[in-house]
Amino acid sequence: MRVSATDTHVDVLSTASELLDRLRTRGPGVHCITNTVAQNFTTNVLLAMGCVPSMTLSNEEIGDFVSRSDALLVNLGTFDRERREATMTALDAASQRKLPWVLDPVLVDRSPLRANFARDLIKRGPSVIRLNLAEFAALAETEISPDAAKIYARDHGIVLGLSGETDLVTDGRRTISIANGHSFMAKVTAMGCAGSALVAACLAVEKDAWLATVAAMLILGIAGERAAVNAAGPGSFAVAIIDALYSLDQTTIRQMARIS
Amino acid sequence: MRVSATDTHVDVLSTASELLDRLRTRGPGVHCITNTVAQNFTTNVLLAMGCVPSMTLSNEEIGDFVSRSDALLVNLGTFDRERREATMTALDAASQRKLPWVLDPVLVDRSPLRANFARDLIKRGPSVIRLNLAEFAALAETEISPDAAKIYARDHGIVLGLSGETDLVTDGRRTISIANGHSFMAKVTAMGCAGSALVAACLAVEKDAWLATVAAMLILGIAGERAAVNAAGPGSFAVAIIDALYSLDQTTIRQMARIS
Amino acid sequence: MRVSATDTHVDVLSTASELLDRLRTRGPGVHCITNTVAQNFTTNVLLAMGCVPSMTLSNEEIGDFVSRSDALLVNLGTFDRERREATMTALDAASQRKLPWVLDPVLVDRSPLRANFARDLIKRGPSVIRLNLAEFAALAETEISPDAAKIYARDHGIVLGLSGETDLVTDGRRTISIANGHSFMAKVTAMGCAGSALVAACLAVEKDAWLATVAAMLILGIAGERAAVNAAGPGSFAVAIIDALYSLDQTTIRQMARIS
């Protein structure tokens, strides 16, 4: 079933599981500005989901790549002048084509300079900001609470995808908690970055940014639970979650989702 | 048995399988100019085959590294000014030592600028260009057909290694199709880039660039088939293909090769 | 039991195994200046050990990150101007906070320029230099022998962690050999780089740099032996060693250590 963005009682599960097939059928192009630590894992996550990832950071050609994509990820890891310029060029191209984009303000709690740059980028109108609780507190200069997140989302007209023990997705009006996931997810580098790329992929095939974010975080959390079943540690887990994403089906999503 | 380059009925299988042992015995140095997404996987593929990979992109020291290597890979992914300069320095060093080199014009179909740079590089005389069909069409500004590939190879005096459902290797005079491989290979990032690095490795131990290219693509395709046997998805497949390359033997190559 | 730094008959095993728990309990921040090939694997090794890794190379923000860390790794792979500047900024921050740091002069035997830069860095006073025999010979411009290593360590007031068939750790006064490890460790890229990051992590929780280095190299070697038990090749080995590091316990270290 197709869900209306104005319906507050959306069948979230239905859309989330249906998005799996949209990704695999349409194979959206997702351009990722992301850090070198995360590039390989992020690309493999997107490929496992049927997407067409691209990763160039060159200011000269990034416009061409973004123009041929369906969504954009801007991740601030390994932040430098060259990347800032490429980011601006990419955002211009995205704006021209009205592409949705996701901001992942990685580790803004570790660097005031990076937090300032993130705040500047937010003025450029991302559809979604995906981050963890410490990053949110640093970015919003606020305490960490569901209410603070709702207010921030509403004031900025964006969707917040907050990852933590329980994930929280809010656009200020609609808020949902996702209890899926596994502790190994915090033991594998780039898991959050790949999650943000998955949000971008879902935005490419679903206009309702809140629903797209819920779907992406639900898919990753459930894949994580399935991957953990046979994992002997974070090494085998990182491999198994790619396999789990690849083989995930709609029935599994409906059965395993723990949302409230 | 050793195969003559002028023999059109070469025992391709014999050379391809024999090259496995040459790589392991001689351990050629292969310098790779490649994108950051592909660096780790490419290095591990080369190490699994007994090679000595190096990956620096610094213009200041790349000459030193190339001069101490036996072959060079130039992959255009993450193309920028700094990398272009380093590429020129590397080609100068390779030219001085008469080292064979491979061009992998990744995603030239996505950026006209990148395609132009690739065409400039081809004037510097690579032994082999390894690419997929869409990249070939963009590079050669032609339709995709075996005949177009043969003409291009002959006109440019190079070997073309075209990957696809079936791989095609041609120097304009000799053409071979390789049906080995597995669909998971398109689901793991850097598989093509690593394949190009393997071509460079084979060039280091085999003067006939056509035979070296056939051998490299055959080895990778067969390793892919063996890896797929127990893989649960593209995650475990990416791990298993490294193991398969490491343990591949001549008998397996002879038994599994599907060439025509 | 806690071991005194002046006790030449230290219970090395006791400290090494105890360090496992200190890492997991304290979760030290380790900032890594390392090459793009090694970043992902290094991060996952540190996460598996309970550490909090960070990897930015941007000159503008690296000071912030180092100031919030407990130890620093300087690895010379992919050496360029930008990285040299960031390294100097990072060392200034480390010096101000009196943080211990490790130098990994990767492949200085392949580039005289890189060797010179390594020698300049040594004047800045690393706690430990971790490298292989060929790198040591190039750096110290000497032959390879345990005595040469002892003299170099004593003259420079540093700890040398030499990896090879048998590892050697010396501060000029105390010298130990570690026979643990597995041949697959040389077949996985970034294994040495990750080992150096582990040394940095141990320095963050143990003031005696010699003991910290012994512990790190022992932990990695034993994890390597355990990983090899079920590995089918270097691909599955690279995954299994992350799992082995994650699940390693003190009893295993005491039982498997082969030191002399």
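The values are calculated or read from the model by the stated rules, or taken from the named source; none is laboratory data. In this text the structure is predicted, and so the values were computed from the model without any measurement. With ideal geometry, Cβ positions are generated from the backbone for all residues, glycine too; neighbour counts draw on all protein chains shown. Ligands, DNA and RNA are stripped out before the accessible areas are found, and what is left, the full protein with its side chains, is counted by its heavy atoms. Shrake-Rupley method; radii C 1.70, N 1.55, O 1.52, S 1.80 Å.
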Residue hits (the stretch A:201-252; among the hydrophobic types (A, V, I, L, M, F, W, C), under 24 Å from A:K187 (Cβ atoms) and more than 14 Å from chain C (Cβ to nearest Cβ)) are A:A201, A:A216, A:M217, A:L218, A:I219, A:L220, A:I222, A:A223, A:V229, A:A244, A:L245, A:L248
Report yes if some residue within the stretch C:124-137 is of a type outside the set (G, A, S), without any contact (Cβ under 8 Å) to a residue 40 or more places away in the chain, within 23 Å of B:E82 (Cβ to Cβ) and surrounded by fewer than 20 Cβ atoms within 10 Å (Cβ to Cβ); otherwise report no. no
Taking the stretch B:80-96 and the residues there that are touching a helix residue (DSSP H, G or I) at 6+ places or on another chain (Cβ under 6 Å) and buried (at least 21 other Cβ atoms within 10 Å of the Cβ), the one that is modelled with the lowest pLDDT would be B:A86
Report whether or not A:V102 is modelled with pLDDT under 95 and buried (at least 21 other Cβ atoms within 10 Å of the Cβ).
no
**Message:** One residue is enough: does the stretch C:2-22 have a residue meeting the conditions within 12 Å of chain A (Cβ to nearest Cβ) and not hydrophobic (A, V, I, L, M, F, W, C)?
**Reply:** no
**Asked** Going by the structure shown, is C:V37 farther than 16 Å from C:A94 by Cβ, within 10 Å of another protein chain (Cβ to nearest Cβ), at pLDDT 95 or above and surrounded by 24 or more Cβ atoms within 10 Å (Cβ to Cβ)?
**Response** no
Going through the stretch B:44-74 in order, the residues found to be at the interface with chain C (Cβ under 7 Å from one of its Cβ atoms), open to solvent by 10 Å² or more (accessible area, probe 1.4 Å) and either assigned to a helix (DSSP H, G or I) or closer than 21 Å to C:N40 by Cβ (or both) are B:N44, B:L47, B:M55, B:L57, B:D64
Scanning the stretch B:120-172 for residues that are out of contact with any strand residue (DSSP E or B) (no Cβ under 6 Å at 6 or more places or on another chain), within 16 Å of B:L218 (Cα to Cα) and among the hydrophobic types (A, V, I, L, M, F, W, C) gives B:L131
Picking from A:A240, A:A212, the residue that is touching a Pro at 6+ places or on another chain (Cβ under 9 Å) and among the hydrophobic types (A, V, I, L, M, F, W, C) would be A:A212
Would a scan of the stretch C:186-194 turn up a residue that is on the phi < 0 side of the Ramachandran plot, charged (D, E, K, R) and in contact with a Phe, Trp or Tyr (Cβ under 9 Å, 6 or more places away or on another chain)? yes
Among the residues of the stretch A:75-105, the number that are within 14 Å of chain C (Cβ to nearest Cβ) and either of a type in the set (D, E) or within 21 Å of A:D208 (Cβ to Cβ) (or both) is 3
The one condition A:C193 fails out of (1) open to solvent by less than 10 Å² (accessible area, probe 1.4 Å); (2) within 14 Å of another protein chain (Cβ to nearest Cβ); (3) in contact with a strand residue (DSSP E or B) (Cβ under 6 Å, 6 or more places away or on another chain) is (1)
